[in-house]
Amino acid sequence: MDELPKFSSRAFLAPMAGVSDAALRLVCKEMGAGLVMTELTNIHAIIAKEKQLTAQRKQIDDFIEFSELERPHSIQLFGSDINAIKKAAQIVEPFFDTIDYNMGCPAPHITQQMAGGALLQNLDLTRKIFHALVSSVKKPVTLKMRTGIDNPTRFIEVAKAAEAEGLQMITLHARTVNQGYSGRSNWDLIRQLKDAIGIPVVGNGDITSPELARQMIEQTNCDYVMVGRGAAGNPFLFRQINDYLSTGTYQQCLPKNQLEMFGRYAEYAQNFKIRFASIKQQAMRFTKGLVGGATLRSKIMLAKTIAELKTIMVEIP
């Protein structure tokens, strides 16, 4: 199996459903994200789409959009059918630098399929999934998981099984499945995981500032941090984290910086098949925390084109 790629920084972008599209990943990469990931992708959808695209003489990258400028980049898979996992992993392997497996998503439509965070209660199936992934591809396989269903009881056991089967890195979102995104993440559990296994650990949960990124690294000894909602609408955070970790200082993100980031996002979005409704939602996120943001959001709601959005998003109230 290949080794993990070299990452340009210790701050990664999380795979957020409905958020981490190809355009946002590009902007985050430009701002210094060491690794970016696709949104979680259904293994059965990959197989079905690949069959359709093959008939049209196209490849899977027509379904899962990305840019070569994102590299190193990862695809995140979910699903629990062993044969489908193998086939889907082999389909996407040529296009990505690592393959990440999701054992953390708390959404009911995912967990009801015995996928995502639900797998934390089924160690036997989990071991089979890890073995299937590692044995079917040469690219590095990684894992993103939660601490448990309602109590953090089995995440160390799951992580050790992953390491034993050959997975090369584990991201721990330090919340349970039942917590969803509420409450505080328990960073002490990240430290416990780091002490328990020998492969790199990525800490995830509540990184919204450079100070918190450094605090997590110091408190948990994790190798990397993964930023999710904190970077949605503020890719500038990656530059700030990298600067703070290397120099102890960083540039403040001014309103104009935040809106300029959306301008870049909008330019990139035109090169992909991103729904306009999704682009508008991204615009909303880029106004978060701005004085006069509510005024901008009311205008965004009425916008009909990307050009209109770009005009609105240079109007600092």
Positions within the stretch 188-220 being under 21 Å from the mean Cα position of the chain (by Cα), part of a loop (DSSP other than H, G, I, E, B) and not hydrophobic (A, V, I, L, M, F, W, C), in sequence order: Pro200, Gly205, Asp206, Thr208, Ser209
In the stretch 60-76, the residues that are more than 18 Å from Val27 (Cα to Cα) and in contact with a helix residue (DSSP H, G or I) (Cβ under 8 Å, 6 or more places away or on another chain): Ile60, Asp61, Asp62, Phe63
Members of the stretch 217-244 that are surrounded by 22 or more Cβ atoms within 10 Å (Cβ to Cβ) and more than 27 Å from Pro255 (Cβ to Cβ): Thr220, Cys222
Conditions (1) in contact with a helix residue (DSSP H, G or I) (Cβ under 6 Å, 6 or more places away or on another chain); (2) surrounded by fewer than 22 Cβ atoms within 10 Å (Cβ to Cβ); (3) of a type in the set (Gly, Ala, Ser); (4) within 22 Å of Ala213 (Cβ to Cβ); number of the one not met by Gly183: (1)
The stretch 104-147: number of residues that are within 18 Å of Tyr224 (Cβ to Cβ) and hydrophobic (A, V, I, L, M, F, W, C): 3
Tabulated pairs, the stretch 110-130, first assigned by TED's automatic domain parsing to the domain that holds Asp150, second among the charged types (D, E, K, R) and surrounded by fewer than 20 Cβ atoms within 10 Å (Cβ to Cβ), C-beta under 7 angstrom, 6+ apart or interchain: Leu120/Arg154; Leu123/Arg154; Leu123/Glu157; Arg127/Glu165; Phe130/Glu165
Residue in the stretch 82-97 that is part of a helix (DSSP H, G or I), over 14 Å from Met145 (Cα atoms), free of Cβ contacts under 8 Å to residues at least 24 places away in the same chain and not polar (S, T, N, Q) present: yes
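Check Val134, Val141 and return the single one that is closer than 28 Å to Phe63 by Cα, more than 20 Å from the chain's Cα centre (by Cα) and in the same structural domain as Asp81 (by TED's automatic domain parsing).
Working: Val141 fails: more than 20 Å from the chain's Cα centre (by Cα).
It is Val134.
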Tally, over the stretch 15-63, of residues that are hydrophobic (A, V, I, L, M, F, W, C), farther than 14 Å from Gly228 by Cβ and modelled with pLDDT of 95 or more: 10
Residues located in the stretch 17-38, provided they are surrounded by fewer than 18 Cβ atoms within 10 Å (Cβ to Cβ) and closer than 23 Å to Asp206 by Cβ: Ala17, Gly18
Neighbours by Cβ (under 8 Å, 6+ apart or cross-chain): first from the stretch 277-295, more than 20 Å from Leu237 (Cα to Cα); second hydrophobic (A, V, I, L, M, F, W, C) and not in a helix (DSSP H, G or I): Lys280/Ala303; Gly292/Ile316
Candidate set from the stretch 13-24 (those that are touching a Ser or Thr at 6+ places or on another chain (Cβ under 8 Å) and either basic (Lys, Arg) or not in a helix (DSSP H, G or I) (or both)); member that is nearest to Phe66 (Cα to Cα): Asp21
Matching residues, the stretch 46-69, being surrounded by fewer than 22 Cβ atoms within 10 Å (Cβ to Cβ), in contact (Cβ under 8 Å) with a residue 12 or more places away in the chain and in a helix (DSSP H, G or I): Ile47, Lys49, Glu50, Ile60, Asp61, Leu69
Check on Asn83, surrounded by fewer than 17 Cβ atoms within 10 Å (Cβ to Cβ), in the same structural domain as Asp150 (by TED's automatic domain parsing) and out of contact with any Asp or Glu (no Cβ under 9 Å at 6 or more places or on another chain): yes
Residue within the stretch 263-278 that is buried (at least 16 other Cβ atoms within 10 Å of the Cβ), farther than 12 Å from Leu24 by Cα and not small (Gly, Ala, Ser) present: no
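The values are calculated or read from the model by the stated rules, or taken from the named source; none is laboratory data. Note that this is a predicted model, so its numbers are computed, not measured. Positions of Cβ are backbone-derived with ideal geometry, glycine not excepted, and every protein chain shown enters the neighbour counts.
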